[in-house]
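Input: a single structure, listed below in structure tokens.
The values are calculated or read from the model by the stated rules, or taken from the named source; none is laboratory data. Note that the coordinates shown come from a computational prediction; the quantities given were computed from them, not determined experimentally. Cβ placement follows ideal geometry from the backbone for every residue including glycine, while neighbour counts extend to all protein chains displayed.
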Amino acid sequence: MFGRRKDVVYRTLATKKRAVALHKLSAELETPASALLKTVKELESDGLVEVFYGKEKASIMVRAKTIEDYI
């Protein structure tokens, strides 16, 4: 079940082609932000997403790495 959730989160991010705020992604996927953050951190450790932390305000932006990132 957890692997499937990671797949859904990754595919959702990859279709956006840009960074998205964690709270907006949480609302879109109807998933609590804390659970989503755990999934995103696992995707980051797998090398599939990049996480950006805001410096001026508390924000977390997430962007999927795609094949274009490596070309």
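Of all residues in the range 1-22, those being within 18 Å of residue 53 (Cα to Cα) and surrounded by 13 or more Cβ atoms within 10 Å (Cβ to Cβ) number 5. Is there a residue in the range 32-40 that is assigned to a loop (DSSP other than H, G, I, E, B), free of Cβ contacts under 8 Å to residues at least 24 places away in the same chain and not aliphatic (A, V, I, L, M)? Yes, the range 32-40 contains at least one residue that is assigned to a loop (DSSP other than H, G, I, E, B), free of Cβ contacts under 8 Å to residues at least 24 places away in the same chain and not aliphatic (A, V, I, L, M). The set of residues in the range 34-71 being touching a Ser or Thr at 6+ places or on another chain (Cβ under 9 Å), at pLDDT below 90 and aliphatic (A, V, I, L, M) consists of 64 alone. If the condition is being within 16 Å of residue 64 (Cα to Cα), among the β-branched types (Val, Ile, Thr) and free of Cβ contacts under 8 Å to residues at least 40 places away in the same chain, then the range 13-31 contributes only 15.
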